[in-house]
Amino acid sequence: MKAFVQDTLRRFIDHPNDLQITSLEGEKTVLMEVRCHADDVGKVIGKNGKVIQSMRALVSALAAKDNRRAVLEVIE
């Protein structure tokens, strides 16, 4: 799941080497924190939050396959 988020977000941003994803896994929940270059935060969030909302939906669908819950947060 972490690799999916990383590969997908790298296509949107100008500084892909600065992208960091931290994954904290619990028994039923996965928390993923996305950190990126300050210039790329707007691209990760998208207009009216459309990009991050879509990523959250995809990550939630992947987690649901394993009967888990996923939370995706952008850390500025």
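Residues in region 26-43, backbone N under 17 Å from the label point at Gln53 (7 Å along the Cα-to-beta-carbon vector): list them, ranges by number please. Backbone N within reach: 42-43.
Taking the DSSP beta bridges in the chain as the whole, what percent of them are antiparallel, to the nearest 5?
Here the share of antiparallel DSSP bridges comes out near 45 percent.
Using helices alone, I'd like the mean residue ellipticity at 222 nm for the chain: each DSSP H run of four-plus residues gives -39500 (n - 2.57), total over residue count, nearest 500. Before the final figure, lay out each step's value.
Working: 3 runs with 29 residues, N = 76.
Using -39500 (n - 2.57) per qualifying helix, the result is -11000 deg cm²/dmol.
Along region 36-42 the Karplus relation, 6.51 cos²θ - 1.76 cosθ + 1.60 evaluated at θ = phi - 60°, assigns HN-Hα couplings of 8, 4, 4, 6, 9, 4, x Hz to successive residues, with x for each Gly and Pro. Going by accessible surface with a 1.4 Å probe and the largest first, Lys47, Lys28 read Lys47, Lys28. Within a straight-line Cα-Cα reach of under 20 Å, Lys43 can be paired with the following aspartates and glutamates, leaving aside sequence neighbours fewer than 8 residues apart in one chain: Asp7, Asp14, Asp18, Glu33, Glu73, Glu76. Each label point was placed 7 Å from the Cα along the Cα-to-Cβ direction; for Gln20 and Arg35 their separation is 0.2 nm. Sorted largest first, the principal axis extents computed over the alpha-carbon atoms of region 17-67 equal 35, 21, 14 Å. Summing Cβ point charges (Lys, Arg +1; Asp, Glu -1) relative to the Cα centre of the chain gives a dipole of roughly 380 debye.
The values are calculated or read from the model by the stated rules, or taken from the named source; none is laboratory data. All figures in this text were calculated on a predicted structure; none of them were measured in a lab. Virtual Cβ from ideal backbone geometry, glycine too; neighbours counted across all protein chains shown. Remember, those area values only see protein heavy atoms, side chains included, never the ligands or the DNA or RNA. Shrake-Rupley method; radii C 1.70, N 1.55, O 1.52, S 1.80 Å.
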